[in-house]
Amino acid sequence: MATRVTKTIILNEGEAEQKRSEILEYFHSTFDLDEKLYETLRHDETFYLRADRLRHPLIFYFGHTATFFINKLNIARIIEQRINPRFESMFAVGVDEMSWDDLDEKHYDWPTRQEVKAYRDQVRTLVDGLIRQLPLSLPIGWDSPFWAIMMGIEHERIHLETSSVLIRQLPLEQVVQLPFWDICPHGGEPPQNRLLPVPAGVVTLGKAKGDPLYGWDNEYGRHEARVADFMAAQYLVANREFREFVEAGGYQQKDWWTEEGWQWRQFRQAEHPLFWIRAGESWLLRTMTAEIPLPWNWPVEVNYLEAKAFCNWKSSTTGLQLRLPTEDEWNRLRDLCNIPDQPYWTEAPGNINLEKWSSSCPVDLFRSGDFYDVLGNVWQWTETPIYPFHGFEIHPWYDDFSTPTFDTRHNLIKGGSWISTGNEATREARYAFRRHFMQHAGFRYIESSAPVEIHQDQYETDTLTSQYCAAHYGAEYFGVANFPLSCARICLELMTGRELGHALDLGCAVGRASFELARGGFRQVTGLDFSTRFFRLASRMQEEGYLRYALTEEGDIVSFHEIGLEGLGLAPLRERVAFYQADACNLPEKFTGYDLILAANLIDRLYSPRRFLAGIHERLNPAGLLVITSPYSWSEEFTKKEEWLGGYRESGEPVWSLDELKKTLAPRFRLLGEPRDLPFVTRETRRKFQHSIAELTVWELQEQVL
């Protein structure tokens, strides 16, 4: 008999053998619950129906949760052999709900339900044996073999929820209502919703590596925010309250919808929430496996796009600034209610963790402080697209759990639903879905004039900018020193005995040399770049102190990296560095008065290098230095051939860039010392690098003879 009520494991306390027993029981109860869920499918052929056009049939998910154990145990090198390579490929990757109009029509030669069940039994036996035999020491951390086992268990509990949503979308005649999955018997009219105050306060989010509970990678790191005071609805939006929007023609009026929302509404031809069913003059509600008279005091279940449209409509009708809460605001409300975390509560503080019913329930049954359903009943949509906390690291055994969602298109849901168990029912849980996605999810609205912050610090995946991030702040290769660091150090040596006032890093890319010049003593450094891509990243590094980027390893395989000023000892210099977007060939007048100008690998990327050189003296203080580096890799992609400084023939003779530099700069500058070679390495993939050599020349501005 499957055990409904369980709690995630505390991983840092107790005796090792007792912990082994707890994990073993947790594993089997999870496996049992998963299989108990599929007992609601009436026929074998039901497993092969597509409940949602954007998802696989349920036979996939029946096999997927078992396959996940084997695949992750292999990646973690805990096992070396597979049980069924065909299944472990077929059931490995599900259909991502990447877009509501991106339908997947692939055909799969699915095995029988009996074959998949036999495979699940083999996996259960294998994992049972590992739990009993693997060495176990506490605390259980990221690199413990038991972390891989917990990963498999918690992953299976996620699919309890996602599979139950798919079952809810199957034809009613294909499912059966079982006593184990009981429906809440309470219904009626909801109380009048009202707004209550939530005082301002500081919210701190993010786990440390030593946290006692299992977590997914996006939960780790640190985020702290000051939340302004706001008003929050006392109750989740109930079906009755949402019906006002439906009856007001909300699904027919484009004005209430975002552009994305209206496109989805048109595509789906939605007229009301998905799980509402018209029955003449009445309404029914589709639960997981039954249709019941629509309980008006249960929370409405909609996607983000519908919730957002409702808030826009209600704002218009009330004159209030209503919207969904941000992740920070939701956590502020939760913290205010002082709710214990699972697994530390003695009884669930709401309809969650399968401790109450296998459906929603009235919105006024579970009170925490002044609010109801802070946790449980249905998930609650937020305005916040998921993003990584500062200090985020990818777990190497599941490197694509979070990063594909860091795209500002996956919004966080908070609070859990009636079937949220394990990690999903913990305070730090962070789950996000595309805004059109259906889940056991509803919403609570708030009144606030505070702007919604959309964190744009997802991983930089543009190939060129990622390569520059790595070149400026990443590892060194083949003994070749970091190029912008070398440029800055040479500049600082040249400035010995000179005024270290204001420096200009022209063509600064993502900014490393600018910070190093400030470290070397310049009171102020300005970094300029024409590229929006580079300027944006340099500014982010200055403002936030870190960047994240993805590097190509091989083909479509990428690795994810975070680089920060703190680790390089550059964080205290952020106030002395400023970045702007500007055209080096047409600089605004305000960029002048510099003691040093560094133009690193710039001139062969300008559309008019001669114009740049002809006017650069106007930007320097008397006796100021101009440092130029370039590999002279002239290309018509960047510079018309008639603008090249060299690299061509004239009257049959070669014209070299260094000679043209001397000729162009001679009227106002004198060359200091001899040119020197400065190598640099650009990483393209883990096995492909480009080794280049720039020529560095130093030019001193001369006094003009009248």
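The values are calculated or read from the model by the stated rules, or taken from the named source; none is laboratory data. As the structure is a computational prediction, the values presented were derived from the model and not from experiment. All Cβ positions, even for glycine, are placed from backbone atoms using ideal geometry, and neighbour counts span all protein chains on display.
Okay, here's what the table says:
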| item | result |
| --- | --- |
| Answer from Ser539, Ser559 - the residue that is under 27 Å from Asn218 (Cβ atoms), surrounded by fewer than 20 Cβ atoms within 10 Å (Cβ to Cβ) and modelled with pLDDT of 90 or more | Ser539 |
| Residue within segment 464-474 that is without any contact (Cβ under 8 Å) to a residue 60 or more places away in the chain, of a type in the set (A, V, I, L, M, F, W, C) and over 30 Å from Asn331 (Cβ atoms) present | no |
| Tyr468 being in contact with a strand residue (DSSP E or B) (Cβ under 6 Å, 6 or more places away or on another chain) and not charged (D, E, K, R) | no |
| Only one of Leu324, Leu285 that is at pLDDT 95 or above, crowded, with 22+ Cβ neighbours inside 10 Å, out of contact with any Gly (no Cβ under 6 Å at 6 or more places or on another chain) and closer than 15 Å to Trp381 by Cβ | Leu324 |
| Some residue of segment 400-418 being part of a loop (DSSP other than H, G, I, E, B), touching a residue at least 12 places away in the same chain (Cβ under 8 Å) and over 30 Å from Phe560 (Cα atoms) | yes |
| Condition check for Pro654: touching a helix residue (DSSP H, G or I) at 6+ places or on another chain (Cβ under 8 Å) and more than 19 Å from Ala614 (Cα to Cα) | no |
| Complete set of residues in segment 31-62 that are among the basic types (Lys, Arg) and within 18 Å of Leu178 (Cβ to Cβ) | Lys36, Arg42 |
| Test: residue in segment 119-133 that is in contact with a Leu (Cβ under 8 Å, 6 or more places away or on another chain), modelled with pLDDT under 95 and among the aliphatic types (A, V, I, L, M) | no |
| Qualifying residue in segment 187-208 (condition: more than 34 Å from the chain's Cα centre (by Cα), closer than 30 Å to Arg42 by Cα and in a loop (DSSP other than H, G, I, E, B)) | yes |
| Residue satisfying condition, being surrounded by 10 or more Cβ atoms within 10 Å (Cβ to Cβ) and at pLDDT below 95, within set Lys688, Lys641 | Lys641 |
| Trp357 in contact with a Lys or Arg (Cβ under 7 Å, 6 or more places away or on another chain), surrounded by fewer than 24 Cβ atoms within 10 Å (Cβ to Cβ), more than 19 Å from Tyr445 (Cα to Cα) and among the hydrophobic types (A, V, I, L, M, F, W, C) | no |
| Check on Arg444, without any contact (Cβ under 8 Å) to a residue 40 or more places away in the chain and among the basic types (Lys, Arg) | no |
| Any hit, segment 512-529, residues being surrounded by fewer than 18 Cβ atoms within 10 Å (Cβ to Cβ), out of contact with any strand residue (DSSP E or B) (no Cβ under 8 Å at 6 or more places or on another chain) and either within 30 Å of His395 (Cβ to Cβ) or charged (D, E, K, R) (or both) | no |
| Test result for Arg334, basic (Lys, Arg) and under 28 Å from Leu11 (Cα atoms) | yes |
| From Glu329, Glu383, residue being touching a residue at least 12 places away in the same chain (Cβ under 8 Å), farther than 24 Å from Lys7 by Cα, crowded, with 24+ Cβ neighbours inside 10 Å and among the acidic types (Asp, Glu) | Glu329 |
| Hey, Glu660 surrounded by 18 or more Cβ atoms within 10 Å (Cβ to Cβ) and either more than 24 Å from Phe591 (Cα to Cα) or without any contact (Cβ under 8 Å) to a residue 60 or more places away in the chain (or both) or not | yes |
| Qualifying residue in segment 691-698 (condition: touching a Gly at 6+ places or on another chain (Cβ under 9 Å), within 23 Å of Leu494 (Cα to Cα) and in a strand (DSSP E or B)) | yes |
| Filter result (under 20 Å from Val525 (Cβ atoms) and exposed (fewer than 15 other Cβ atoms within 10 Å of the Cβ)) within segment 610-621 | Glu618 |
| Tabulated pairs, segment 613-637, first under 20 Å from Trp656 (Cβ atoms) and at pLDDT 95 or above, second of a type in the set (D, E, K, R) and part of a strand (DSSP E or B), C-beta under 9 angstrom, 6+ apart or interchain | Leu626/Glu700; Ile628/Glu695; Thr629/Glu695; Ser630/Glu695; Pro631/Glu695; Tyr632/Glu695 |
| Qualifying residue in segment 163-185 (condition: outside the structural domain of Lys308 (by TED's automatic domain parsing), among the small types (Gly, Ala, Ser), crowded, with 20+ Cβ neighbours inside 10 Å and not in a loop (DSSP other than H, G, I, E, B)) | yes |
| Hits in segment 312-334 (condition: hydrophobic (A, V, I, L, M, F, W, C) and either closer than 21 Å to Asp370 by Cβ or not assigned by TED's automatic domain parsing to the domain that holds Tyr235 (or both)) | Leu320, Leu322, Leu324, Trp330, Leu333 |
| From Asn351, Asn331, Asn338, residue being closer than 17 Å to Trp298 by Cβ and not charged (D, E, K, R) | Asn351 |
| Residues that are part of a strand (DSSP E or B) and either surrounded by fewer than 22 Cβ atoms within 10 Å (Cβ to Cβ) or without any contact (Cβ under 8 Å) to a residue 60 or more places away in the chain (or both), drawn from segment 572-594 | Ala578, Tyr580, Gln581 |
| When residues of segment 229-272 are limited to those that are touching an Asp or Glu at 6+ places or on another chain (Cβ under 7 Å) and closer than 17 Å to Ala441 by Cβ, the one surrounded by the fewest Cβ atoms within 10 Å (Cβ to Cβ) | Tyr235 |
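One line per residue, one yes/no per condition, for (1) in contact with a Ser or Thr (Cβ under 7 Å, 6 or more places away or on another chain); (2) assigned by TED's automatic domain parsing to the domain that holds Leu485; (3) not β-branched (Val, Ile, Thr):
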position: Leu504; (1), (2), (3): yes, yes, yes
position: Leu517; (1), (2), (3): no, yes, yes
position: Ser539; (1), (2), (3): no, no, yes
position: Gln542; (1), (2), (3): no, no, yes
position: Tyr546; (1), (2), (3): no, no, yes
position: Ile557; (1), (2), (3): no, no, no
position: His561; (1), (2), (3): no, no, yes
position: Gly564; (1), (2), (3): no, no, yes
position: Lys590; (1), (2), (3): no, yes, yes
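Conditions (1) more than 28 Å from Thr46 (Cα to Cα); (2) in contact with a Pro (Cβ under 7 Å, 6 or more places away or on another chain), marked per residue:
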{"position": "Gln252", "(1), (2)": "yes, no"}
{"position": "Trp256", "(1), (2)": "yes, no"}
{"position": "Phe267", "(1), (2)": "no, no"}
{"position": "Pro273", "(1), (2)": "no, no"}
{"position": "Met288", "(1), (2)": "no, no"}
{"position": "Glu291", "(1), (2)": "no, no"}
{"position": "Trp296", "(1), (2)": "yes, yes"}
{"position": "Pro299", "(1), (2)": "yes, no"}
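Residue by residue, here is whether (1) outside the structural domain of Arg687 (by TED's automatic domain parsing); (2) of a type in the set (A, V, I, L, M, F, W, C) holds:
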site	(1), (2)
Ala571	yes, yes
Leu587	no, yes
Leu598	no, yes
Leu602	no, yes
Arg605	no, no
